[in-house]
Amino acid sequence: MATIVYAMLTSLDGYIAGPGGDIGLPVPEEELHRHFNGEMRRTSIALCGRRMYETMRFWDSPEREIGAEDVERDFARAWRQTPKVVFSTTLGEVGPNARLMKSDVEKVARSLKAEADGEISVSGAQLAGQLARAGLIDEYRLYMHPVVLGGGKPYFQSGLSLALKPLGAERLAQGVTLLRYAPLEID
């Protein structure tokens with residue numbers, strides 16, 4: 001059985017994007033990028049919401065093989081090799097190694113979790129919120145940048161209530177701290 005992991009870069013005040021929708025967080029430099037490359041290689045399936053998928057389609061581009069740094073080419077290869085399930089009611093099609101799902105987020109995630117091995121990543125706050133409400137996320141990874149955005153799109157959706165237990169913390173490059181949590185089992 002696979003584990004479902006929601007991992008995103010976030011500001012100290014808990015935002016994954018700034019007030020205008022721009023990312024607003026520093027771009028990962030080589031050492032931090034290598035960490036994310038390893039995470040991508042360990043991902044057996046990537047679950048993406050529409051907005052996050054459209055952002056990540058950048059890595060499908062052939063230009064990522066020409067003129068890009070080695071660390072970027074490595075991530076692009078890992079991204080392209082990872083099967084993706086994209087949840088969207090507005091997209092008409094998705095790119096290579098991806099399949100489009102228009103509904104049944106919870107059903108699809110439960111099925112993938114039961115059938116797959118390794119880690120299933122979740123990208124996108126709205127999708128993560130749906131899966132969290134269904135009790136399907138096994139681990140939350142907050143990559144906290146030492147910046148404050150003052151508003152924007154939060155890591156945790158409004159109205160979501162969770163009890164979490166710490167799994168650990170790790171200092172990474174660029175002043176980023178990885179905080180890991182699991183849902184607390186409530187009797």
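Name the residues in region 21-36 that are surrounded by fewer than 20 Cβ atoms within 10 Å (Cβ to Cβ) and in a helix (DSSP H, G or I), would you?
Glu30, Glu31, His33, Arg34, His35, Phe36
Residue under question is Val85, and the condition is that it be under 26 Å from Arg171 (Cα atoms), of a type in the set (Val, Ile, Thr) and surrounded by fewer than 21 Cβ atoms within 10 Å (Cβ to Cβ); does it hold? Steps first, answer last, please.
Details: under 26 Å from Arg171 (Cα atoms): no; of a type in the set (Val, Ile, Thr): yes; surrounded by fewer than 21 Cβ atoms within 10 Å (Cβ to Cβ): yes.
So Val85 does not fit the description; no.
Could you please find all residues in region 161-187 being open to solvent by 40 Å² or more (accessible area, probe 1.4 Å) and either among the aromatic types (Phe, Trp, Tyr) or touching a helix residue (DSSP H, G or I) at 6+ places or on another chain (Cβ under 7 Å) (or both)?
Leu162, Gln174, Tyr181
Looking at region 143-187, which of the residues that are of a type in the set (Asp, Glu) and modelled with pLDDT under 95 is farthest from Asn37 (Cα to Cα)?
Within region 143-187, the match that is farthest from Asn37 (Cα to Cα) is Asp187.
Out of the residues in region 16-50 that are at pLDDT 90 or above and charged (D, E, K, R), which is farthest from Phe75 (Cα to Cα)?
Once the filter is applied, the top-ranked residue is Arg50.
Could you check region 119-160 and list, in sequence order, the residues that are open to solvent by less than 20 Å² (accessible area, probe 1.4 Å) and part of a loop (DSSP other than H, G, I, E, B)?
Correct list: Gly124, Leu136, Ile137, Gly151, Tyr155.
The values are calculated or read from the model by the stated rules, or taken from the named source; none is laboratory data. Quick caveat, the model's predicted, so the values are computed rather than measured. Every residue, glycine as well, gets a Cβ built from its backbone with ideal geometry; the counts of neighbours run over all protein chains shown. Protein only, heavy atoms only, side chains kept; ligands, DNA and RNA dropped before computing areas. Shrake-Rupley method; radii C 1.70, N 1.55, O 1.52, S 1.80 Å.
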